Structures are given as C-alpha cells and as structure tokens.
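One structure below.
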Amino acid sequence: MKKIVFDNYKVMSRAAADIVAQAVRAKSDIVLGLPTGSTPVGMYDELAKDYAEGKVDFSKAVSFNLDEYAGLDGAHPQSYRYFMEQHLFGRVNIARGNTHVPDGVAKDLDKAAKEFDAKIFQKGGIDLFVLGIGQNGHIGFNEPAASMPAYTHVVELAEDTIAANSRLFDDISEVPKRAVTQGLATIMQAKKIILLSSGPAKREAIAKIDSGIITLDCPATVLHMHRDITLLLC
Ligand code: GLP
C-alpha cells in the first residue's frame, strides 16, 4: 500500500484527477469505479476542467459507481446518480449508456445487484477504482460488521453513517436506511485503486489502516490485501 500526504485538498484533488486523466489517456475504453461524497468533488472539478481544455476524452470510458441509496431514483437530488450527473457526467463527454450506478429503485434490488456485478465482469473488470472512506472506515456502504456479502448487495446503513450523511438532507428522517453497495470483493478485483481522504473526521479510520491490522470493524483495512493501492490524504 502506498501513501501520499498532500498539503491541502486542492493539491490532493489535482493529483487524483491527474491519475484518472492519465489512465483514461492510456486506455480510452477504460472501466472506472467511481465514488460520491464531498471528498471527490474537487477531483471531479479538475476532471471537468481537463475535459473543457481538451486534455481528456471520456467518449469511450465506462463507469461503475460504488453505491446508491435504496428508494431514491436518479432524479432525486440526494441520489448518487444525480450527484454524478452534477459533478461529472453532465460536464464531460462520457456516454450515459456507459455509466452505471446501482439502481436504488429496482423492483428486485438483490437481482439488480447481481446483474450489476455481471455487467462489470462483462466489461472486463474495473481498471481504476477511486474510493472515498466513511468516518467509521466504510468503503462504499460496506459498514463495519462481523461478516458481509462479498459482492454487490443491499445493506442496512449504520446509525453513524445516517448521521454523517444527514448533512445533505433537510432532515435526518429523510436519509434512507438502506443502500445498495458494491461488495469488498467487487472493489478488490479492480486492477488499481486510489483512496481519497480529507480532514480530521477520517483520521481515526486512516489510523486503523495505518496500524496494518485487517479487521471488518474497519472495512477499509482489507485494502491492504490489494497489490496496487495508493492512499491520497490531506
Ligand atoms: C458515503 C458514501 C461513501 C463515501 C462516504 C464518505 O457514505 N457511501 O462511498 O466514501 O460517504 O463521504 P465524504 O467524502 O462526504 O466524507
């Protein structure tokens, strides 16, 4: 596991965008794994800028997002599909048909989750996964637990995740209690991973990764088992 500590959020975001843009230039039909949350917003801004300046072309790129709230459709302003439209998809030339966000309103969420993994497999797997991290060490919505499904699945959100994410909703009661998330195995099968973390709220989770001990009490610690992962921190 490599670790780079940056002086500030702007520099970290630029470095993350450079890694993504470079990867897209190297393989135009790249398969990207993408996160939501406040942390990657700066990276998406930089990628939109790169696109506007003609430095990167997403026309053949394919993406698979990490997660989505159950019960929110893509038109809902707090849905992750909506987030992706605002922060990346709507600002670059990625083909909408090539973008995949788990369907939070599928009739059968379990079936849709299986189909999501099958699609990733069909596309040849994820080349580069960009991850964020939750305050409790969650990755996607893989919450601390004694055990968890390996692949994309429906999950009950932890109380602290609901509290942390309520800042984006009018009221905490509006935060969905369930979500669909890629599983840790889905994520770990990516060829390369970068994880972005910014600010003091994540320090405890980062310290657990730093300890070198793998525990599902902090799901992000399993990333130690990946052979090409870099933490970008500030
Ligand atoms: C949510 C998402 C995660 C994300 C985390 C951290 O819970 N499901 O994928 O990594 O928030 O978000 P932020 O970057 O806003 O702290």
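The values are calculated or read from the model by the stated rules, or taken from the named source; none is laboratory data. None of these values were measured; they are calculated from a predicted model. When we count neighbours, we look across all protein chains shown, and the Cβ atoms used for this are built from the backbone with ideal geometry, even at glycine.
How many residues are more than 17 Å from the chain's Cα centre (by Cα), surrounded by 17 or more Cβ atoms within 10 Å (Cβ to Cβ) and of a type in the set (A, V, I, L, M) if we restrict to the range 25-54?
Selection size over the range 25-54: 1.
Residues are listed down the side, and each one gets a yes or a no for (1) buried (at least 16 other Cβ atoms within 10 Å of the Cβ); (2) under 20 Å from Lys3 (Cα atoms); (3) without any contact (Cβ under 8 Å) to a residue 24 or more places away in the chain; (4) in contact with a Phe, Trp or Tyr (Cβ under 8 Å, 6 or more places away or on another chain):
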{"residue": "Ile172", "(1), (2), (3), (4)": "no, no, yes, no"}
{"residue": "Ala190", "(1), (2), (3), (4)": "yes, yes, no, yes"}
{"residue": "Thr215", "(1), (2), (3), (4)": "no, yes, yes, no"}
{"residue": "Thr221", "(1), (2), (3), (4)": "yes, yes, no, no"}
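What's the total number of residues in the range 1-14 that are in a helix (DSSP H, G or I), touching a residue at least 40 places away in the same chain (Cβ under 8 Å) and surrounded by fewer than 19 Cβ atoms within 10 Å (Cβ to Cβ)?
Summing the residues that are in a helix (DSSP H, G or I), touching a residue at least 40 places away in the same chain (Cβ under 8 Å) and surrounded by fewer than 19 Cβ atoms within 10 Å (Cβ to Cβ) in the range 1-14 gives 2.
Any idea which of Ile162, Ile214, Ile209 is of a type in the set (Val, Ile, Thr), more than 13 Å from the ligand (Cβ to nearest atom) and not in a loop (DSSP other than H, G, I, E, B)? Reasoning before the result, please.
On the way: Ile162 fails: more than 13 Å from the ligand (Cβ to nearest atom); Ile214 fails: not in a loop (DSSP other than H, G, I, E, B).
Only one candidate qualifies: Ile209.
Suppose we keep only residues that are within 12 Å of the ligand (Cβ to nearest atom) and outside any helix (DSSP H, G or I) within the range 189-206. Which one would you say is farthest from Ala16 (Cα to Cα)?
Gly199
When the residues of the range 137-165 are narrowed to those that are of a type in the set (S, T, N, Q) and at pLDDT 95 or above, which ends up surrounded by the most Cβ atoms within 10 Å (Cβ to Cβ)?
Thr152
Could you check, for the range 32-53, whether at least one of its residues is more than 16 Å from the ligand (Cβ to nearest atom), touching an Asp or Glu at 6+ places or on another chain (Cβ under 6 Å) and in a helix (DSSP H, G or I)?
Looking through the range 32-53, none of the residues is more than 16 Å from the ligand (Cβ to nearest atom), touching an Asp or Glu at 6+ places or on another chain (Cβ under 6 Å) and in a helix (DSSP H, G or I).
Looking at Ile194, Ile120, Ile172, Ile139, can you tell me which residue is closer than 21 Å to Pro102 by Cα and over 14 Å from the mean Cα position of the chain (by Cα)? Before the answer, list the steps.
Numbers: Ile194 fails: over 14 Å from the mean Cα position of the chain (by Cα); Ile172 fails: closer than 21 Å to Pro102 by Cα; Ile139 fails: over 14 Å from the mean Cα position of the chain (by Cα).
Just a single option satisfies the conditions, and that option is Ile120.
For the range 128-141, check the following and say yes or no: at least one residue is more than 14 Å from the ligand (Cβ to nearest atom) and either over 28 Å from Leu233 (Cβ atoms) or of a type in the set (A, V, I, L, M, F, W, C) (or both).
First pass over the range 128-141, keeping only residues more than 14 Å from the ligand (Cβ to nearest atom): 128.
Those still in the list that are either over 28 Å from Leu233 (Cβ atoms) or of a type in the set (A, V, I, L, M, F, W, C) (or both) too: 128.
There is at least one residue in the range 128-141 that is more than 14 Å from the ligand (Cβ to nearest atom) and either over 28 Å from Leu233 (Cβ atoms) or of a type in the set (A, V, I, L, M, F, W, C) (or both).
Can you tell me which condition Phe83 does not meet? The list is (1) assigned to a helix (DSSP H, G or I); (2) more than 11 Å from the ligand (Cβ to nearest atom), and all the others hold.
(2)
Given the condition assigned to a strand (DSSP E or B), closer than 28 Å to Ile19 by Cβ, at pLDDT 95 or above and among the acidic types (Asp, Glu), answer yes or no: does some residue in the range 109-125 qualify?
Within the range 109-125, none of the residues are assigned to a strand (DSSP E or B), closer than 28 Å to Ile19 by Cβ, at pLDDT 95 or above and among the acidic types (Asp, Glu).
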